[in-house]
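So that we are looking at the same thing, I have put the structure below in structure tokens.
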Amino acid sequence: MPAELPPPARTYLFVPGTRPERFDKALASGADKVVLDLEDAVAADDKATARGVVATWLQNATPADRSRVVVRINDANSSWFAADLAALGDAHGISLLLPKAESAAQIEETQAALPDAGILALIESARGVSEVDRIAAAGAQRLVFGTLDFALDLDMDISTDASGLGYAASRIAIASRLASLPAPVAGVTPQLDDEARLMSDLAEARRFGFGAKLCIHPRQVQPIHTALRPSAEALDWANRVLVADAASPGAARLDGRMVDRPVVLQAQRTLALARS
């Protein structure tokens with residue numbers, strides 16, 4: 001039998017590319033993936049330094065650590081894009097986070113430069129949303145919603161009400177499903193000391209079909225993992241669904257509700273998520 005694929009990552013923790021002393025700490029945080037950032041977290045004058053720091057660290061990292069690393073390079077229209085790709089040419093086993101993804105051609109160009117790197121497409125503009133179906137079908141490994149930059153692009157205030165993100169979130173989730181990609185990754189919650197806001201943002205993203213979240217501090221990681229884990233009540237419900245269906249296939253009732261195929265599949269998915 002073929003080896004079972006690992007479950008998709010739930011958390012992506014950002015670390016500035018200029019702070020190598022934090023790289024190992026980030027990997028030890030419990031985050032599923034660590035994003036070494038060459039873009040927003042690095043000033044223009046420090047781009048070359050950060051690029052060299054990240055490339056050197058990757059050359060010395062173990063294959064296991066490299067497999068958990070995502071490098072956010074600079075966007076395809078920037079003056080740093082080509083140099084970023086060149087510097088990472090020998091860093092096998094990593095993934096790339098491509099910011100401001102706005103066309104299939106950008107995915108294809110990045111993939112041609114680094115054929116064995118998985119590409120996560122960061123959708124953070126109106127143009128990116130309008131092209132998201134083509135981007136998803138062009139070879140992206142996963143779609144990521146850059147909510148802060150998207151709100152900036154549309155001059156949208158999401159500090160207290162993020163409902164304006166709904167249309168774009170739906171487009172990204174549907175594009176992911178049509179391209180058979182994992183559930184997309186929700187954007188950051190910048191409020192570092194507000195776990196209630198973190199959980200609210202995650203719950204809103206889950207309502208649109210997102211299955212993971214970007215993190216900007218290690219303390220955000222474990223609450224997200226806990227929230228994404230099926231509760232005891234959900235597991236009890238799933239087990240009772242399967243018992244009812246086994247006793248009366250296709251004609252079962254549970255808690256006053258018909259147990260049809262979608263309900264059974266949801267129960268099976270819940271139990272599989274708990275096992276993973």
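Restricting to region 134-156, name every residue that is acidic (Asp, Glu) and surrounded by 15 or more Cβ atoms within 10 Å (Cβ to Cβ).
Taking region 134-156 and keeping what is acidic (Asp, Glu), we get 149, 153, 155.
Hits for region 134-156 are Asp149, Asp153.
If I ask for residues that are touching a Ser or Thr at 6+ places or on another chain (Cβ under 9 Å) and under 20 Å from Leu27 (Cβ atoms), which ones from region 69-87 would you list?
Passing the criteria: Val69, Val70, Val71, Ile73.
Continuing with the same structure: Are any residues in region 157-170 surrounded by fewer than 16 Cβ atoms within 10 Å (Cβ to Cβ) and not acidic (Asp, Glu), and if so, which ones?
Here is the first cut: in region 157-170, the ones surrounded by fewer than 16 Cβ atoms within 10 Å (Cβ to Cβ) are 157, 159-161, 163-164, 166-167, 170.
Listed by number, the residues that qualify are Ser159, Thr160, Ser163, Gly164, Gly166, Tyr167, Ser170.
Please note which helices (runs of 4 or more DSSP H) are completely contained in region 166-267 and include at least 3 residues that are assigned by TED's automatic domain parsing to the domain that holds Gly146, more than 20 Å from Lys33 (Cα to Cα) and charged (D, E, K, R).
In region 166-267, the matching helices (runs of 4 or more DSSP H) lie at 195-207.
Every residue in region 82-134 that is of a type in the set (Asp, Glu), touching a helix residue (DSSP H, G or I) at 6+ places or on another chain (Cβ under 9 Å) and either under 23 Å from Val34 (Cβ atoms) or not in a helix (DSSP H, G or I) (or both), please.
Matches in region 82-134: Asp84, Asp90, Glu102, Glu124, Glu131.
Look at Ala44 and say whether it is without any contact (Cβ under 8 Å) to a residue 24 or more places away in the chain, within 23 Å of Val188 (Cα to Cα) and of a type outside the set (Asp, Glu). Please lay out each step first, then the result.
Values: without any contact (Cβ under 8 Å) to a residue 24 or more places away in the chain: yes; within 23 Å of Val188 (Cα to Cα): yes; of a type outside the set (Asp, Glu): yes.
When the stated conditions are applied, Ala44 passes them.
The values are calculated or read from the model by the stated rules, or taken from the named source; none is laboratory data. Computed from a predicted structure; not experimentally measured. Note that we place each Cβ from the backbone using ideal geometry, even for glycine, and neighbour counts take in every protein chain shown.
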